[in-house]
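J.: The structure that follows is given in the form of structure tokens.
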Amino acid sequence: MEEPKSQSEVKEYFRIVGMRPLVGNVTVGGSKNAALPILAATLLSDEPSLIHNVPDLLDVQTMVMVLESLGVQVERVGRHSYRIMPATLSGSEPPYELIRKMRASFLVTGPLISRLGRAQVPLPGGCAIGSRPIDLHLKGFTHLGVRVSMRSGYIEAWAERLQGGEVYFDFPSVGATENVMMLAATIEDETIIANAAREPEVVDLARFLTLMGASIEGAGTDTVVVRGRKNLKGCEYTIMNDRIEAGTFCVAAAITRGDVVVQGIEVSLLRSVVTKLEEVGAKVERMAEDVVRVTMPCRPKPTNIKTMPYPGFPTDMQAQFMSLLCLAEGVSVITETVFESRFAHVGELERMGAKIQVEGRSAVVVGVEKLNGTQVTATDLRAGAALVLAGLAAEGVTEVYGVRHIDRGYEDLEVKLRSLGASIERVRE
Ligand code: EPZ
């Protein structure tokens, strides 16, 4: 019998035949960026928690492997539901290969310090979108009485004497806000987090921690006040929907000049994206509380985008919107202020005929009449989504490689797009 090929040898790509308008209904799944911190937060109690609406993604599988590597039992009770039983938590050192695979694994650090009084966590490496340090996480921990040292690529943290405190973030880091909030949730004292991240996923984590028994005020604002409790309870919780997946489908409707109803979208969490879609000429009609209909009657107009922490335009929508602006009838400027290098998709879009000039953190996009299908490769999750969107609009056939990046953050992307009339298939050579 032929030896099974290693993952790297199996060539897998999306094959897309472009220029087909997307029409129909699509439903948004659970939020990756809410599920990952909430799965980590289950460690804060020794009681079981039952989490629903967890998206079926490679990143979720990685987080589950991290929890299991620490001795925690995880039972998958449905495609989107997990029972976590953290009573058997024993390890304080998640394995390097899992941390390297997914930076968000670092979110177990706060819970480990809380439960075990210590954590040895490999430094998460850089990735395709920049160096992404963890200095703000560590600074926050030290303000709560944690001792931190660096030893050959590892962070060693131990709780000398945990106490509440004031934490100020130079930048409203999502992960650092989440890590510190989780640690503070078990400290029977008051912790104030100033210049906290305001992302909806931070609010969802705060809801979960409150259900566990912590008192959290101001989540979603730039100042969060946490009054923790020693023995937090396990609980049952349903994750919020994924606003970035929702935004991606709205842009897919626009770039293909289609007519798509997106269900399960919390429009108020995507106001910046909806505003920008309307600026370029899309029609975004609110059909119900969490349903919008996106139509695009004409070629997009140019606009300028500046990514900002929430509620600004989300960096996780920058690449997708760039694909749309490649086809605009004029010049657009996109400025990426959150990550220092999140333009890896530019080179691939240029190979499809896009005209883009990157100057530092800004990209000048000169709209063209059409893009041409060719082979392209995704280097990160949202760059992959952007290349799929470009392929849907391009003339001819586009083959998008690096599908594993896309599977990290989009559940059944090709299936959902096909249900909207796209010609897209997953090919395994
Ligand atoms: C979260 O990453 C998201 N990931 C990212 O989504 C998202 O792009 C990002 O927030 C910004 O919204 C998850 O929630 C799992 P940050 P995170 O800490 O927490 C710098 C996706 O596509 N920084 O807010 O890592 C950092 O270098 C992913 O779904 C420090 O300098 O983001 C970056 O430039 C990609 N020191 C900026 O802050 C620190 O200690 C934003 O990082 C921490 C961060």
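The values are calculated or read from the model by the stated rules, or taken from the named source; none is laboratory data. Since we're looking at a predicted model, the values are computed, not measured. Ideal geometry is used to build each Cβ from the backbone, glycine not excepted, and the neighbour counts take in all protein chains shown. With ligands, DNA and RNA removed, areas are computed over all heavy atoms of the protein, side chains included. Shrake-Rupley method; radii C 1.70, N 1.55, O 1.52, S 1.80 Å.
J.: In a Debye calculation with equal point scatterers on the alpha-carbon sites of the stretch 256-304 and no solvent, what is log10 I(q)/I(0) at q = 0.14, 0.17, 0.20, 0.25 Å⁻¹?
T.: -0.32, -0.47, -0.64, -0.94
J.: Evaluate E = 1/(1 + (r/R0)^6) for Glu47 and Val427, where r is the Cβ-Cβ distance and R0 equals 51 Å; express this FRET efficiency to the nearest 0.05. Write down the numbers at each step before the final one.
T.: On the way: r = 45 Å, r/R0 = 0.89.
Working from the Cβ atoms, E equals 0.65.
J.: Residue by residue through the stretch 216-231, what is 3J(HN,Hα) from phi via Karplus (6.51 cos²θ - 1.76 cosθ + 1.60, θ = phi - 60°)? Round to whole Hz and write x for glycine and proline.
T.: Values per residue, Gly and Pro as x: 10, 10, x, 4, x, 10, 7, 10, 10, 10, 10, 10, x, 9, 4, 9 Hz.
J.: Please work out the FRET efficiency for the pair Arg161 and Ser362, using the Cβ-Cβ distance as r and a Förster radius of 41 Å; give the result to the nearest 0.05. Don't jump to the answer; show the numbers that get you there.
T.: On the way: r = 47 Å, r/R0 = 1.14.
Step by step, r from the Cβ atoms, then E = 0.30.
J.: Shifting gears a bit: Order these peptides, 328-339, 345-356, 179-190, 200-211, by their mean beta-carbon neighbour count within 10 angstrom, highest first.
T.: Numbers: 328-339: 18.2, 345-356: 20.6, 179-190: 23.9, 200-211: 22.3.
Per-residue Cβ counts within 10 Å, averaged per peptide and sorted highest first, yield 179-190, 200-211, 345-356, 328-339.
J.: On to the next question. Structure shown: which of Lys283/Lys416; Lys101/Lys355; Lys11/Lys301 lie over 29 Å apart, alpha-carbon to alpha-carbon?
T.: Over 29 Å Cα-Cα: Lys101/Lys355; Lys11/Lys301.
J.: Take the eigenvalues of the Cα gyration tensor for the stretch 32-238, scale each by 5, and report the square roots as semi-axes in whole Å, largest first. List each step's numbers first, then the result.
T.: Working: eigenvalues 95, 78, 57 Å².
One finds semi-axes of 22, 20, 17 Å for the stretch 32-238.
J.: Given a 1.4 Å probe, how much area per residue of the stretch 32-238 is accessible, in Å²?
T.: On the way: 7680 Å² over 207 residues.
Solvent-accessible surface per residue comes out at 37 Å².
J.: Heavy atoms only, probe 1.4 Å: what % of the accessible area of the stretch 157-293 goes to carbon and sulfur, would you let me know? Write out the running numbers ahead of the final one.
T.: On the way: 2410 of 5130 Å².
Looking at the stretch 157-293 in its full context, I get 47 percent from C and S.
J.: Can you pull the semi-axes for the stretch 307-429, root of five times each eigenvalue of the Cα gyration tensor, sorted largest first, whole Å?
T.: Numbers: eigenvalues 103, 60, 32 Å².
Taking √(5λ) for each eigenvalue gives 23, 17, 13 Å, largest first.
J.: Please check: in the Gaussian network model of the chain (C-alpha springs, under 10 Å), which one of Ser90, Ser152, Ser69 has the largest mean-square fluctuation.
T.: Ser152
J.: Another question about this same structure. Return one quarter of the surface area of the convex hull spanned by the alpha-carbon atoms of the chain, equal to its mean projected area, in nm². Don't skip to the answer; put the middle values down first.
T.: Details: hull surface 80.5 nm².
Convex hull of Cα atoms, orientation-averaged projection: 20.1 nm².
J.: For Lys11 and Asp56 in one chain, what is 0.36 nm times their gap in residues minus the Cα-Cα distance, to one decimal in nm?
T.: Details: separation 45, 0.36 × 45 = 16.20 nm, distance 2.19 nm.
Contour length minus the Cα-Cα distance gives 14.0 nm.
J.: Between Phe171 and Glu289, how many nm apart are label points set 7 Å from Cα along the C-beta direction?
T.: With each label placed 7 Å out from Cα toward Cβ, I get 3.7 nm.
J.: To continue, here is another question. Just grab the label-to-label distance for Met19 and Ser419, each label 7 Å out from Cα along the Cβ direction, in nm (one decimal).
T.: The modelled label-to-label distance comes out at 2.8 nm.
J.: For a quick check: with amide H placed at 1.01 Å from N, whose amide H comes under 5 Å from Gly165's, ignoring anything fewer than 5 positions away on the same chain?
T.: For Gly165, the qualifying residues are Thr191, Ile192.
J.: Treating only the Cβ of Lys, Arg, Asp and Glu as charged (+1, +1, -1, -1), what charge dipole size does the stretch 184-305 show about its Cα centre? Round to the nearest 20 debye.
T.: Details: 15 positive and 18 negative charges, 78 e Å.
Magnitude of the dipole: close to 380 debye.
J.: Using a Förster distance of 22 angstrom, determine the FRET efficiency expected from the C-beta separation of Arg271 and Asn304, and round it to 0.05.
T.: Details: r = 17 Å, r/R0 = 0.77.
E(calc), rounded to 0.05, equals 0.85.
J.: Is it possible to state the helix-based mean residue ellipticity at 222 nm for the chain, with each DSSP H run of 4+ residues giving -39500 (n - 2.57), the sum divided by total residues, to the nearest 500 deg cm²/dmol? What is it? Present the calculation step by step, with values, prior to reporting the outcome.
T.: Values: 14 runs with 133 residues, N = 429.
Taking each H run of at least 4 residues, the total per residue is -9000 deg cm²/dmol.
J.: Taking the Cα centre as origin and putting +1 on Lys and Arg beta-carbons and -1 on Asp and Glu beta-carbons, what dipole magnitude results for the chain, to the nearest 20 debye?
T.: Working: 46 positive and 53 negative charges, 62 e Å.
Result for the chain is approximately 300 debye, rounded to the nearest 20.
J.: Another question, then. Along the charge dipole of the chain, pointing to its positive end and built from +1/-1 on Cβ of Lys, Arg, Asp and Glu, which listed residue (Gly421, Gln73, Val226) has its Cα farthest out?
T.: Gly421
J.: So what is the relative contact order for the chain, in percent, with contacts set as C-alpha pairs under 8 Å and at least six apart?
T.: Numbers: 1060 pairs, mean separation 88.3, N = 429.
Answer for the chain is 21 percent.
J.: Starting from the Kirkwood radius over alpha-carbon pairs of the stretch 199-274, derive D by Stokes-Einstein at 37 °C in a medium of 0.692 mPa s and give it in µm² s⁻¹. Spell out each step's value before the answer.
T.: Numbers: Rh = 14.6 Å.
Result for D is 226 µm²/s.
J.: What net charge do the residues around Leu39 carry, taking every other residue with its C-beta under 11 Å from that of Leu39, with Lys and Arg at +1 and Asp and Glu at -1? Could you put the intermediate results ahead of the total?
T.: Values: positive: Lys32; negative: Asp59.
Every neighbour counted, the sum reads 0.
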